[in-house]
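> To start, I am sharing the structure in question, which I have written as structure tokens.
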Amino acid sequence: MPTPTEPAVNDVLARKLGLSEQEWQAATRLLDGRKPTYPELGVLGVLWSEARSGKSSRVHLDHLPSGSPRVLDTPGPNTGAVDLGDGWAAICAMTAGDRAGGLDPCQGAAGCLDRTVSQVFALGARPLANLNALRFGGLDAPLTRELAQGVSAGLGSYGNCLGIPMLGGDVGFDPCRDGTLRTGTFTVGVRRLRPDSPTGGGGKLIYVGARTAPTAGGEGLQPPPPADPFTGKLLLEACLEVLQTGSVLAIQALGPAGLAGAAWDLAARTGSGVEYQLDQIPMAEEGMTPFELMRSTSPGRMLLEARPGSEPELQRILHKWGLAAIVVGEATESRRWRGLWYGQQVVDLPLTALAPALDPPQARPAYLDQAGPLPLPEDLRPEEVDGQLRLLLASPACAGRGWFYGQYDGTVRGNTLLHQGEADAGLIRVEGTTKALALTCDGNSRLAWLDPFWGAAHAVAEACRNLACVGAEPIGLTHCLAYGGPEQPEAVWVLAQTVLGLRQACLALEVPVLGGDVSADSATGAIHPDALVAALGLIEDCTPTGAGKPYCGSGFKAAGHGIFLLGECRDELGGSEFLRQRLGRVSGPCPELRLDEEFRLQACVREGIRMGLIRSAHDTSEGGLLVAVLESAFNGNLGCRLELMGQGLRLDALLFGESAGRIVVTVEPEDEASLARLAGAHRVPLQKLGVTGGTRVVVAVDSTVVVDTGADALRRLHGSALETALQGR
């Protein structure tokens, strides 16, 4: 009989909690014909949800390449680990959150960052740096300004309080997202490799951290629970200390799946069963039920299994940090998940209760037939170039992100080598070594919408290209994919194509997939699919030598340096911001992506940076060639003079087309011949564009001047456009 606080358990309630009719029947079979209790149904609703189980996406994600001599095993799909050599490992985690953040963007963003940070330190790694990936509606939408201010405040306050630098990120605006928000975070940490990890068995389960607060429980939209950065900082330091004792058999963050998911993961990792005294869990409110306790997603909580007899030692350390540390259960040999409530068993599930993998039907979306190429507009006339350049520099896609960067601390702890806005990727030293890690996050939603396969491949290529622009070798990447629900055949097709695109690019560029996160929500069907990629790169020795630093930023370093393009311009405008402005809509096809040429280009740039030849490097992406050159000029506080050859291309495609596989570099005059030899050795096209210096930007195409204006005026336009819009000036 249900208690007054529990509804009757039936198939209607099961569907309300996210279980299908087939899953309801599977639940009763799992329990030998009896109905699940209300708390058991709550646990299964979490474990069998699409977000938690990936039951519809696993069949596709299993195709992603994860093999590499560097890759280390880690629990959970959202975390990954790579061997850095010399006894060091890097741990990374990536996650993203949608609609709840739109209700409270500040707390939603802080909670998202809390999850990736806690996933990293739960694996014994000290968090080293963060990235973010933000997706908003159109810049002129009523809520965009409020959402942007809230998200940046949440990320800044939480990350700054923890003392973890934010090295950069990726920001996108699209009218299809008006009134909504998507927040992604990526965290990387480092630890010493441990030759032998403790194994579980018979230990006590200790609940650590904040009290459990009631949350939405999966029904309706509710504001996310607040993430307290001070509790997060205490948890970080305390967990790293207890892990050094060797007495922790397993540790798990109570993340978005709550106690239901964390307890399951803990038992699966140790190969044992678990039994909880649910009434012993610290509660933020009186009268909380087992159902609420197990499904709560409130942050600032960890669960660990202690080696038998070590509980007092671990509790002493945790109490020293001002944290609650309460024994709430124990590991058993039962291979079952059991929960007691004041002595009464309310949960008894076998650890075999895994959601069955699904392979939903697929159908190519009809919108792709309308998203194809439209007739191109008339080519730009030379006298129109200056005005079009100014439109692009001030556009949401291309405007400077300085307003966002100003909300975050990118240099805390003093190990940052390149931070937000200084380079195509953030770069941070691994303290106590000569190594440095590079981080970048990329994804072009226009390309993902035009062609899911090639849009995903472009995201991987751009991420690895950005790593190359600071001199780093790609050693792994993670992803956050957002699509409609699995009940939509068109959404499943898009996801399948996206995964295939990721796979092809990762294989071609020899970078393994370390983990990822997939959001499948039917409520987002009207929003374009999104493929975000966060990539991790390594510089083995970042120590400066006589030739200079073995890394570089994107800004011009001095006047008189030669400006060169590695790669080639093609006569294509598909998917570009320029074409969207001219036609009023996104139009295809995607730019051509030649992965073999991309591989050679990146190797060439890395070698040139290591040799000390290349003084700055910046890839061409949104806005095209001219915007990329000017961004490098702005970062170096210099002007430039460009003498471009038309090469038979349309003028707009030459200047503003977004062809892939191109990097703008600068070298000192005496190194130009060496750069030519290096490019020839890698079979990479090379073209001199001009020279750095002066106070003006002068651009000539086939000897016809198309831009001649003050560099400071363009720099101010580019740097202030986004801030002006977001601050309502």
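> If you take the residues of the range 294-319 that are free of Cβ contacts under 8 Å to residues at least 12 places away in the same chain and outside any loop (DSSP other than H, G, I, E, B), which of them is nearest to Ala110 (Cα to Cα)?
The qualifying residue nearest to Ala110 (Cα to Cα) is His319.
> Against the condition farther than 19 Å from Gln504 by Cβ, modelled with pLDDT of 95 or more and assigned to a helix (DSSP H, G or I), how does Leu392 come out, does it pass?
yes
> Out of curiosity, is Gly560 on the phi > 0 side of the Ramachandran plot, part of a loop (DSSP other than H, G, I, E, B) and touching a Lys or Arg at 6+ places or on another chain (Cβ under 7 Å)?
No: the conditions fail for Gly560.
> Moving to a separate point now. Looking only at residues that are more than 16 Å from Asn635 (Cα to Cα) and among the charged types (D, E, K, R) in the range 392-427, which one is nearest to the chain's Cα centre (by Cα)?
Per the stated criteria, the residue is Asp409.
> Also, quick follow-up: Might you let me know whether the range 363-372 holds any residue that is outside any helix (DSSP H, G or I), out of contact with any Gly (no Cβ under 9 Å at 6 or more places or on another chain), touching a residue at least 40 places away in the same chain (Cβ under 8 Å) and among the hydrophobic types (A, V, I, L, M, F, W, C)?
Within the range 363-372 (the criterion being outside any helix (DSSP H, G or I), out of contact with any Gly (no Cβ under 9 Å at 6 or more places or on another chain), touching a residue at least 40 places away in the same chain (Cβ under 8 Å) and among the hydrophobic types (A, V, I, L, M, F, W, C)), the answer is yes, since at least one residue qualifies.
> Quick test of your reading of the structure: Arg429 fulfils all but one of (1) out of contact with any Asp or Glu (no Cβ under 6 Å at 6 or more places or on another chain); (2) crowded, with 24+ Cβ neighbours inside 10 Å. Name the failing condition by number.
(2)
> Only one of Ala394, Ala448, Ala461, Ala425 is under 23 Å from Leu630 (Cα atoms), in contact with a strand residue (DSSP E or B) (Cβ under 6 Å, 6 or more places away or on another chain) and small (Gly, Ala, Ser); which?
Ala425
> Counting only residues that are aliphatic (A, V, I, L, M), in contact with a Leu (Cβ under 6 Å, 6 or more places away or on another chain) and either assigned to a strand (DSSP E or B) or in the same structural domain as Arg301 (by TED's automatic domain parsing) (or both), how many does the range 324-361 have?
Result for the range 324-361: 2.
> Additional query: When Asp409 is evaluated against the numbered criteria (1) charged (D, E, K, R); (2) part of a helix (DSSP H, G or I); (3) at pLDDT 90 or above, which criterion, by number, is the only one it fails?
For Asp409, the exception is condition (2).
> Could you tell me how many of the residues in the range 263-277 are modelled with pLDDT of 85 or more and surrounded by fewer than 23 Cβ atoms within 10 Å (Cβ to Cβ)?
3
Quick grid of which residues meet (1) crowded, with 22+ Cβ neighbours inside 10 Å; (2) of a type in the set (S, T, N, Q); (3) farther than 25 Å from Gly184 by Cβ; (4) modelled with pLDDT of 90 or more:
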site: Ala14; (1), (2), (3), (4): yes, no, yes, yes
site: Asp32; (1), (2), (3), (4): no, no, yes, no
site: Leu44; (1), (2), (3), (4): yes, no, yes, yes
site: Gly102; (1), (2), (3), (4): yes, no, no, no
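> Among the residues of the range 38-49, are any without any contact (Cβ under 8 Å) to a residue 12 or more places away in the chain and out of contact with any strand residue (DSSP E or B) (no Cβ under 8 Å at 6 or more places or on another chain)?
Checked against the condition, which is being without any contact (Cβ under 8 Å) to a residue 12 or more places away in the chain and out of contact with any strand residue (DSSP E or B) (no Cβ under 8 Å at 6 or more places or on another chain), the range 38-49 yields no hits at all.
> Among the residues of the range 396-420, count how many are in contact with an Asp or Glu (Cβ under 6 Å, 6 or more places away or on another chain) and either among the polar types (S, T, N, Q) or without any contact (Cβ under 8 Å) to a residue 40 or more places away in the chain (or both).
1
> Every residue in the range 645-670 that is more than 29 Å from Leu392 (Cβ to Cβ) and touching a residue at least 60 places away in the same chain (Cβ under 8 Å), please.
Glu668, Pro669
> Could you tell me whether any residue of the range 330-342 is under 26 Å from Pro127 (Cβ atoms), surrounded by fewer than 20 Cβ atoms within 10 Å (Cβ to Cβ), at pLDDT 90 or above and not hydroxyl-bearing (Ser, Thr, Tyr)?
Taking every residue of the range 330-342 in turn, none turns out to be under 26 Å from Pro127 (Cβ atoms), surrounded by fewer than 20 Cβ atoms within 10 Å (Cβ to Cβ), at pLDDT 90 or above and not hydroxyl-bearing (Ser, Thr, Tyr).
> On the given criteria, is Leu514 of a type in the set (A, V, I, L, M) and under 20 Å from Ile539 (Cβ atoms)?
Spelling it out, Leu514 is indeed of a type in the set (A, V, I, L, M) and under 20 Å from Ile539 (Cβ atoms).
> Specify which of the listed residues (Arg582, Arg570) is among the basic types (Lys, Arg), farther than 30 Å from Val82 by Cα, touching a Pro at 6+ places or on another chain (Cβ under 6 Å) and touching a residue at least 40 places away in the same chain (Cβ under 8 Å).
So the residue among Arg582, Arg570 that is among the basic types (Lys, Arg), farther than 30 Å from Val82 by Cα, touching a Pro at 6+ places or on another chain (Cβ under 6 Å) and touching a residue at least 40 places away in the same chain (Cβ under 8 Å) is Arg582.
> Can we say Arg295 is at pLDDT 95 or above and either β-branched (Val, Ile, Thr) or under 27 Å from Thr116 (Cα atoms) (or both)?
Spelling it out, it is not the case that Arg295 is at pLDDT 95 or above and either β-branched (Val, Ile, Thr) or under 27 Å from Thr116 (Cα atoms) (or both).
> Could you tell me whether any residue of the range 634-643 is at pLDDT below 95 and over 30 Å from Thr545 (Cβ atoms)?
So far as the range 634-643 goes, no, none of its residues is at pLDDT below 95 and over 30 Å from Thr545 (Cβ atoms).
> Which one of the conditions (1) touching a His at 6+ places or on another chain (Cβ under 9 Å); (2) farther than 23 Å from Gly421 by Cα; (3) crowded, with 16+ Cβ neighbours inside 10 Å does Ala679 fail to meet, given that it meets all the rest?
All conditions are met except number (1).
> It is to be established whether one or more residues within the range 534-551 are modelled with pLDDT under 90, over 20 Å from Gly426 (Cα atoms), out of contact with any Lys or Arg (no Cβ under 9 Å at 6 or more places or on another chain) and of a type in the set (Val, Ile, Thr).
Looking through the range 534-551, at least one residue is modelled with pLDDT under 90, over 20 Å from Gly426 (Cα atoms), out of contact with any Lys or Arg (no Cβ under 9 Å at 6 or more places or on another chain) and of a type in the set (Val, Ile, Thr).
> So the check is Cβ under 7 Å with 6+ separation or different chains; which pairs have a first residue in the range 468-483 that's charged (D, E, K, R) and a second one that's modelled with pLDDT of 95 or more?
Here the result reads Glu473/Gly537; Glu473/Leu538; Glu473/Arg606, each pair linking the range 468-483 to a residue that is modelled with pLDDT of 95 or more.
> Considering Glu592, Glu607, which residue is charged (D, E, K, R), under 22 Å from Leu509 (Cβ atoms), modelled with pLDDT of 95 or more and assigned to a loop (DSSP other than H, G, I, E, B)?
Testing whether each residue is charged (D, E, K, R), under 22 Å from Leu509 (Cβ atoms), modelled with pLDDT of 95 or more and assigned to a loop (DSSP other than H, G, I, E, B) leaves just Glu592.
> Is it true that some residue in the range 119-128 is modelled with pLDDT of 95 or more, in a strand (DSSP E or B), hydrophobic (A, V, I, L, M, F, W, C) and surrounded by fewer than 22 Cβ atoms within 10 Å (Cβ to Cβ)?
Among the residues of the range 119-128, not one is modelled with pLDDT of 95 or more, in a strand (DSSP E or B), hydrophobic (A, V, I, L, M, F, W, C) and surrounded by fewer than 22 Cβ atoms within 10 Å (Cβ to Cβ), which makes the answer no.
> Considering only residues of the range 200-258 that are modelled with pLDDT of 90 or more, part of a loop (DSSP other than H, G, I, E, B) and touching a helix residue (DSSP H, G or I) at 6+ places or on another chain (Cβ under 7 Å), which is nearest to Thr95 (Cα to Cα)?
Ala210
The values are calculated or read from the model by the stated rules, or taken from the named source; none is laboratory data. Here the structure is a predicted model, which is why all the values come from computation and not from measurement. Cβ atoms come from the backbone with ideal geometry, glycine included; neighbour counts cover every protein chain shown.
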